[in-house]
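What follows is a single structure, written as structure tokens, with notes after it.
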């Protein structure tokens with residue numbers, strides 16, 4: 001009995017020592033990593049000539065979604081310290097896939113990324129194309145709803161702008177960019193129009209900004225009376241566009257007919273009263289007069305209202321013309337029906353008269 005108790009005590013002691021050794025090893029591993037990475041001046045030169053800061057401390061993961069992780073959970077190719085070979089870029093697919101047991105989100109976003117314009121660029125060998133950490137960050141990865149996240153609504157444009165600098169410069173001064181800077185929650189940013197992981201080239205039919213899908217994308221906000229009424233913007237533009245020649249042709253799949261961005265701009269959308277706006281009265285002849293649209297457009301193109309609802313009296317002569325033709329059509333159809341009825345009645349009477357003889 002005494003011997004079995006001693007054996008149990010020895011086994012328990014071994015287990016405790018193993019646990020302490022394991023914890024100690026994790027702590028030592030972190031301490032070893034920070035011997036180099038804990039120096040603020042520690043940096044590395046990238047393939048594209050840029051310099052990356054690789055300064056990391058024990059607090060670098062605090063507050064992030066990976067707070068409970070340790071270095072080798074992501075840098076699993078590091079087996080010794082100091083490591084003789086430069087570690088490869090972290091592969092997020094090690095944990096982020098549908099069905100993972102690591103506690104990562106259960107989604108197919110990674111697969112969507114590989115099908116996107118960015119994923120295809122990486123597959124083609126473009127070393128400048130972004131990977132997960134280029135957008136989400138390295139160590140301080142925060143949830144999207146966190147205002148401090150690099151991919152939050154308020155900061156994602158700046159993140160995208162690190163690569164798309166010229167586009168970001170135009171967007172920042174646009175009506176959407178200014179609204180976003182003011183903190184207006186409904187203001188769209190890059191991902192609001194282009195998508196998040198499923199970002200395709202605008203020439204790809206799957207893209208949310210493909211020519212035939214632009215009006216549909218814009219209508220998600222601009223057709224909402226609840227959203228537009230908050231900022232004094234009319235929501236009828238979407239309906240009037242769909243009823244116009246341009247809108248009907250667009251719904252039939254025309255890729256060259258004018259859509260929202262053809263007139264209002266793409267990233268540099270501005271209010272009509274702005275002199276730089278494409279739909280400012282002074283600029284409309286040039287906007288409509290594009291080689292692919294109406295070459296030779298004159299100032300007359302800017303006369304009158306563009307988004308017109310013929311059902312409203314505010315449309316002026318268009319309303320009265322539409323009303324006239326509506327009742328003319330109704331009157332003609334009624335007269336035709338009466339004529340047919342009288343003709344049939346007359347024929348019936350004649351047939352009965354012939355049969356009565």
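We did not get these values from a lab; they are worked out from the coordinates using the rules stated. Here the structure is a predicted model, which means the values were calculated and not measured. Every residue, glycine among them, receives a Cβ derived from its backbone with ideal geometry; neighbour counts consider all protein chains shown.
Results, tabulated for the structure shown:
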item: Compactness of the stretch 201-329, expressed as Rg and Dmax over alpha-carbon positions, Å; result: 15.6, 48
item: Helix-only CD estimate at 222 nm, as mean residue ellipticity for the chain, using -39500 (n - 2.57) per DSSP H run (n ≥ 4); result: -13500 deg cm²/dmol
item: Kirkwood estimate for the stretch 115-209, i.e. one over the average of 1/r between Cα atoms, Å; result: 14.1 Å
item: Taking the C-alpha atoms of the stretch 312-351, convex hull volume expressed per residue in Å³; result: 33 Å³
item: The chain, relative contact order [Cα under 8 Å, separation at least 6], %; result: 8 percent
item: Computed over the stretch 201-329: relative contact order in percent, which uses C-alpha pairs under 8 Å that are six or more apart; result: 14 percent
item: Burial ordering of 228, 165, fewest other beta-carbon atoms within 10 Å first; result: 165, 228
item: Relative contact order [Cα under 8 Å, 6+ residues apart], the stretch 111-167, whole percent; result: 17 percent
item: In degrees, nearest ten, helix 2-37 long axis to first principal axis of the chain (Cα); result: 60 degrees
item: Helix 317-356 axis, angle to the chain major axis (alpha carbon atoms, nearest 10°); result: 60 degrees
item: Of (i) 133, 62, 40; (ii) 62, 45, 39; (iii) 63, 49, 37, the label for Cα extents along the principal axes in Å derived from the coordinates; result: (i)
item: Least to most buried among 191, 93 (fewest other Cβ within 10 Å first); result: 93, 191
item: Whole-Å semi-axes of the ellipsoid equivalent to the stretch 266-357 (Cα gyration tensor, √5λ, descending); result: 56, 14, 10
